[in-house]
Structure formats: C-alpha cells, structure tokens
Amino acid sequence: MKQQSERLGRDPIPQLLVSLAVPASVGMLVMALHSVIDTIYIARGVGTIGVAAVAISFPVQMIFLALSGALGIGGGSVISRALGANDLEKANRAFGNILSMVLVVSFIGALLGLIYLTPMLKLFGSSVTIMPYARDYLGIILYGTISFAFGFSVNNIVRAEGNAKTAMLSMIMSSVLNILFTPVFMFALNMGIRGAAYGTVAAQGITAVYLFLYFFSGRSSLIIRLRYLTPRYDLIREILAVGASAFARQGSASVMLIIANNLLIYYGGDLAIAVLGIIHRVMMFTLMPILGVVQGMLPLVGFNYGARKKVRVNESIILSMKVSTFIAFGAFLLVMAIPGPLMMVFTTDPAAIEMGRSALRIMFALSMTVGMQMITGGVFQALGKAREAFILSLARQVLFLIPLLILLPLMFDLTGIWLAFPLADLFSFILALWLIRRHRGYFFSNNEKLKAAHLAVKRS
C-alpha cells in the first residue's frame, strides 16, 4: 500500500494534519481518560494510599515508555524519510531492527525490574506504608512489559507511514479494554490494587496482538520478514540517534519523578505524593492532545523533508505550532478556572483537594508555553537533527527542573516543589526560541520563488 505514505507529499497540509493529528489526539485523550478512570477506581477502591503507590511505580513505567518511545519515534523518523525518498528496503529493514530491539530491551528490563523490585521502589521514594501496595501493583505490571513496549513503539511506526486511523484504534482499544477489565479484577474478583495491574496487562496484551496482525493484513506499507530482523549497525545507530531525544525526555522525566517523590515524602508526606500523582493525570488529560498534534506532524515533516519539499515542511511546522499553542492556552484557562473540581474527580479526601487546588494553579502557571516546546522538539526529531532534539528534550527535566526541585524547597518548603515546574517551563520556552532562531531556515522558508511555485500548484 505505497499510496498510504505517498499522500503525505501530495495532499493539502491542513487536511493531512487534521487526518493525522485528530486520530492521534483522540487516541491520546482516550489513553489519558483510561489513566484518569484507573486513578478513580484505585482512589475509590483502595484509597489515597493506592494512588500514592501507583505514583511511586510510575517512574518505572516511564522508563519503559522512554525506551519503547525512543525506538518507535526514532524508527518512525527513519521510516518516514525513507518512504519519502522511495527507499522501501531501508524502511523495512529499519522496522525489523526496531522489532528486534524491542524484544531484547523489554525482556532484559522486565527481568531486572522483578529481581530488584523492593530496592527499586525504596529508591523511588516509597515509604513503609506505600511499599506493600506498590509491590503488588508494579510486580504484576512488569510481566506485561514486552506487550506494552511492542504496542507503544509499533504504534509510532504505524503513524509514521501515514496510517493514523489504525494507530488511533490501537490506543482506543487498549484504553477501553483497560477501563472494562480493571473493575472486574478489582471489584468483582476482589483483587484490589492488583486488579488494576491485571486489567492493564490484559488490555496491553490484546492490543499488541492486534498490531502484530495488522502487518500481516496487507494494509501496511511495511512487511515483517526474518531477514529484516537481523541487526544492522548503521540503522540501529540512526534510529537511536534520533530516538535519543525521546528517551531523554521520558527518561529524565522518570529521574525527575524519583527526585520529586523523595522530596515530597520529606516536605509533604504520603499525601503530597498522591497529590502529584493526581496532578499528573490532569496534565495527561489536558495536554495529551498536543502530543497528538506532534505525532500527526512527525510523518508530515519527515516524509516531505525526505522528498525535499521544503515549503510543505515549513507549512506543516507553522500550522502545528499554532494548533498546539491554542490547545495549551485552553488547558491553562481550564485549570486556572476550576482546580478544585478537577481534584474532586479523583478523590474525596479534603486535605488532598485543598493541597491539589493550590498546586495545580502553580504548576500550570506557564503551561501555555508547552505547545511550542513540544512542536520544536518534534521538528528536530522528524528532520533527523538528533543533537538539537536531544538538547531540547533533556533541558527541561535535567538542566532546569531537577536543580529547581532541589533548590526551591530550601526557601519555600513544599510550595517550592510546585514552583519548580512553571519556572522550568519558562526556561525551556526560552531555549526553544533560541534553537528556532538558530535553525530558522528549517522552520521558515525564505525562498519566495519556491513559495510562489508551491502556491500555484495548490491553486491548480
């Protein structure tokens, strides 16, 4: 189905961005919704301590998310550019190498996680009261690592070839199944927090099978062959170079959460960890559509860059920036207007609601800048500019947020932890502007003749 990817270089950019970004955003919103509902199930069925246990376990899940995202996004960039250059052999070899790496990395990661489960949770900030719940939850989640890593990485590949609808359906399938399975395991089978983990693992396993069968259905531009699974150093290096920025972003977020959880235990106790866990769910639900726009933009920019259609690259970037900034500003207004009701969705604990109301407003104070940051990082990934993408991805968490998390509580106690987030957003936004200025030739076309010729083609 070569025409599946060829339309990326032919159809109008606004139409393509809608067709790619809307399914991705819907899928992301459904994923965020299932995370929200899962948290509600746990808060109602286990209590605030259960929410804290999931928050403590979340850095481990983020590490696997980082690894699979690095392979999927890095590989997706390679595949998009290869398809744009009409090099189907390279695209298939890249896909095969991604599958091989996913299997190896997820197996080794799950094995190490199970062996060192208790010391790992202590490192991540678990208190004595949280530990039994965190062990029950994460000990089960780790068994589903292979299906989770396969599903998340391959979802990016499906989107990279322009098939956003299938990518969306796989995310919706995983989320809906999770929403349906979790109450059965938690309440009908009386498994408590272990039931939430079983529901997640079962849903991810079924989704992985669905995506695996997709590549044997003839609907994909890519095919699975044993010969493509053989590691190729040049392809692995290219995939990892581009994917390193995605890994840096997610991996550094995991390190940041580990540090934040330990600080929260000291300055605010178990309640503060639960509040941060709830706020992360609010962030996911309000800002996930931006990630959908980024994922819709990636194949557009990658394909047209590979096809040397610079004006289409510029048009895709500018439109994506406008849309993502609009979404980010909407999230800012929502949180500023109703922080209390947003907290009440997840918990009935008055202390958690009161702490969360203040923390939400502080943490979202500069959230309107997030859209442009994410789009800028996505552009460098799609163009294969690994160094710039890596710098931007690493900067927010490592250069800005982690030092601020350590320093500000010394002056402002618990409030200092919440203040670190908007200040990190501000510094990251300034860095993104600086990188755009340095590489403005990729973001804004100055070739007027090229623009005029492109406009004439569009009118005809």
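The values are calculated or read from the model by the stated rules, or taken from the named source; none is laboratory data. Since we're looking at a predicted model, the values are computed, not measured. As a convention, Cβ positions derive from the backbone with ideal geometry for all residues, glycine included, and neighbour counts pool all protein chains shown.
A few notes on this one:
- Filtering GLY75, GLY50, GLY9 for residues that are surrounded by fewer than 22 Cβ atoms within 10 Å (Cβ to Cβ), small (Gly, Ala, Ser) and either over 21 Å from ALA248 (Cβ atoms) or out of contact with any His (no Cβ under 7 Å at 6 or more places or on another chain) (or both) leaves a single hit, GLY9.
- Among (1) without any contact (Cβ under 8 Å) to a residue 12 or more places away in the chain; (2) in contact with an Asp or Glu (Cβ under 9 Å, 6 or more places away or on another chain), the one test that SER19 misses: (1)
- 2 or more residues among the hydroxyl-bearing types (Ser, Thr, Tyr): qualifying helices (runs of 4 or more DSSP H) within segment 388-446: 414-438
- Inter-residue pairs, beta-carbon under 8 Å, first over 15 Å from ILE265 (Cα atoms) and touching a residue at least 60 places away in the same chain (Cβ under 8 Å) and in segment 128-139, second of a type in the set (A, V, I, L, M) and not in a helix (DSSP H, G or I), 6+ apart: TYR133/VAL46
- Test: residue in segment 147-157 that is outside any loop (DSSP other than H, G, I, E, B), free of Cβ contacts under 8 Å to residues at least 40 places away in the same chain and under 18 Å from LEU67 (Cα atoms): no
- Of the criteria (1) surrounded by fewer than 20 Cβ atoms within 10 Å (Cβ to Cβ); (2) over 28 Å from LEU111 (Cα atoms); (3) of a type outside the set (Phe, Trp, Tyr), which one ALA24 fails: (1)
- Just one of the listed residues (LEU271, LEU264, LEU276, LEU240) is modelled with pLDDT under 90, in a helix (DSSP H, G or I) and among the aliphatic types (A, V, I, L, M), and it is LEU240.
- ALA203 vs. criteria crowded, with 19+ Cβ neighbours inside 10 Å, modelled with pLDDT of 90 or more and over 20 Å from TYR133 (Cα atoms): yes
- The single condition from (1) buried (at least 21 other Cβ atoms within 10 Å of the Cβ); (2) over 20 Å from ALA389 (Cα atoms); (3) in contact with a Leu (Cβ under 7 Å, 6 or more places away or on another chain) that LEU229 fails is (1).
Conditions (1) among the β-branched types (Val, Ile, Thr); (2) farther than 30 Å from ALA91 by Cα; (3) under 18 Å from the mean Cα position of the chain (by Cα), marked per residue:
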position: MET120; (1), (2), (3): no, yes, no
position: ASP136; (1), (2), (3): no, yes, no
position: THR145; (1), (2), (3): yes, no, yes
position: ALA149; (1), (2), (3): no, no, yes
position: GLY162; (1), (2), (3): no, no, no
position: MET171; (1), (2), (3): no, no, yes
position: ILE179; (1), (2), (3): yes, yes, no
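- Tabulated pairs, segment 298-318, first free of Cβ contacts under 8 Å to residues at least 12 places away in the same chain and in a helix (DSSP H, G or I), second of a type outside the set (Ser, Thr, Tyr) and surrounded by fewer than 24 Cβ atoms within 10 Å (Cβ to Cβ), C-beta under 9 angstrom, 6+ apart or interchain: none
- Unmet criterion (only one of (1) surrounded by 20 or more Cβ atoms within 10 Å (Cβ to Cβ); (2) closer than 23 Å to ALA246 by Cα; (3) at pLDDT 85 or above; (4) of a type in the set (Val, Ile, Thr)) for VAL104: (1)
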